[in-house]
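Q: Structure below; questions to follow.
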Amino acid sequence: SDFLPALYPEACAACAAGDDSYHVEFSGADDYGGSVPLKRLLDRRNDAVLATAMNGAPLTPDHGFPARAFVPGVPGARSVKWVQSVALKKGPSEQPWNQYYYKDAAAVEIQSLPLQSLILSANATSTTATLKGVAYGGGSGLA
């Protein structure tokens with residue numbers, strides 16, 4: 001999220017002043033995409049990243065090479081793989097995953113989820129971050 005103020009200074013300033021209408025849309029090479037509120041990405045407590053490596057090695061295609069949006073605390077559908085572009089929009093993405101799916105009973109877009117993972121340690125340099133932790137798959141057998 002450190003690159004967003006450099007790319008979109010006016011929108012970031014408006015967001016800081018209380019304008020919640022901006023979203024950042026991630027588009028993948030598979031024509032899949034989704035958006036996350038700019039306000040969420042700017043909040044450093046949310047630890048959102050645009051990842052290009054994992055475990056000290058470049059991302060593999062299965063994990064989203066060349067880049068993957070990683071946005072903890074939101075539906076996994078917002079963590080787009082194979083990112084080809086990042087764009088600022090007024091309002092949510094027009095992708096079906098934002099417009100029709102991942103909505104609550106009142107048809108409001110879901111942009112937060114209860115804790116499902118925990119980062120136990122984090123070490124960062126100017127170019128990499130190493131994270132270790134645990135995840136809960138909700139009893140599905142997946143983690």
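The values are calculated or read from the model by the stated rules, or taken from the named source; none is laboratory data. Everything numeric here is computed off the predicted structure, so don't read it as measured data. A quick note on method: Cβ atoms are made from the backbone with ideal geometry, for glycine too, and the neighbour counts reach across all protein chains shown. In case anyone asks, the SASA skips ligands and DNA or RNA and just uses the protein heavy atoms, side chains included. Shrake-Rupley method; radii C 1.70, N 1.55, O 1.52, S 1.80 Å.
Q: Ignoring everything but the protein chains, give the 1.4 Å probe accessible area of residue 97 in square angstrom, nearest 10.
A: Its accessible surface works out to 90 Å², give or take rounding.
Q: Let me ask something else about it. Specify the residue with the greatest mean-square fluctuation among 38, 131, 50, computed from a Gaussian network of the chain linking alpha-carbon atoms under 10 Å apart.
A: Among 38, 131, 50, the largest mean-square fluctuation in the Gaussian network model of the chain belongs to 131.
Q: If you add up the charges near residue 70, with Lys and Arg at +1 and Asp and Glu at -1, over every other residue whose beta carbon is less than 11 angstrom from its beta carbon, what do you get?
A: Details: positive: 68, 78, 81; negative: 47.
That works out to +2.
Q: Report, in deg cm²/dmol and to the nearest 500, the calculated mean residue ellipticity at 222 nm for the chain, where each DSSP H run with n ≥ 4 adds -39500 (n - 2.57) and the sum is divided by the residue count.
A: It lands at -3000 deg cm²/dmol.
Q: Based on the alpha carbon coordinates of the chain, what radius of gyration and maximum Cα-Cα distance (Dmax) apply, in Å?
A: Answer for the chain, Rg first and Dmax second: 15.3, 44 Å.
Q: So for 119, 110, what's the accessible-area order with a 1.4 Å probe, most first?
A: 119, 110
Q: Same structure again: Could you tell me which residue out of 66, 33, 11 lies farthest along the dipole of the chain toward its positive end? Charges go on the beta carbon: Lys and Arg +1, Asp and Glu -1, centred on the Cα centre.
A: Farthest towards the positive pole: 66.
Q: What is the log10 of I(q)/I(0) for the range 47-115, computed with the Debye formula using one identical point scatterer on each Cα and no solvent, at q = 0.18, 0.25, 0.27 Å⁻¹?
A: So the normalised log intensities are -0.77, -1.19, -1.26.
Q: Let me ask something additional. May I ask you to compute the full-extension gain from residue 54 to residue 122, defined as 0.36 nm times their residue separation minus their alpha-carbon distance, rounded to one decimal in nm?
A: Roughly 23.2 nm would be gained on extension.
Q: Have a look at 126, 117, 85 and tell me which one the Gaussian network model of the chain (Cα, springs below 10 Å) gives the largest fluctuation.
A: Residue with maximal mean-square fluctuation among 126, 117, 85: 126.
Q: Between 32, 101, 22, which gets the highest mean-square fluctuation from a Gaussian network model of the chain, Cα cutoff 10 Å?
A: Top of the fluctuation ranking is 101.
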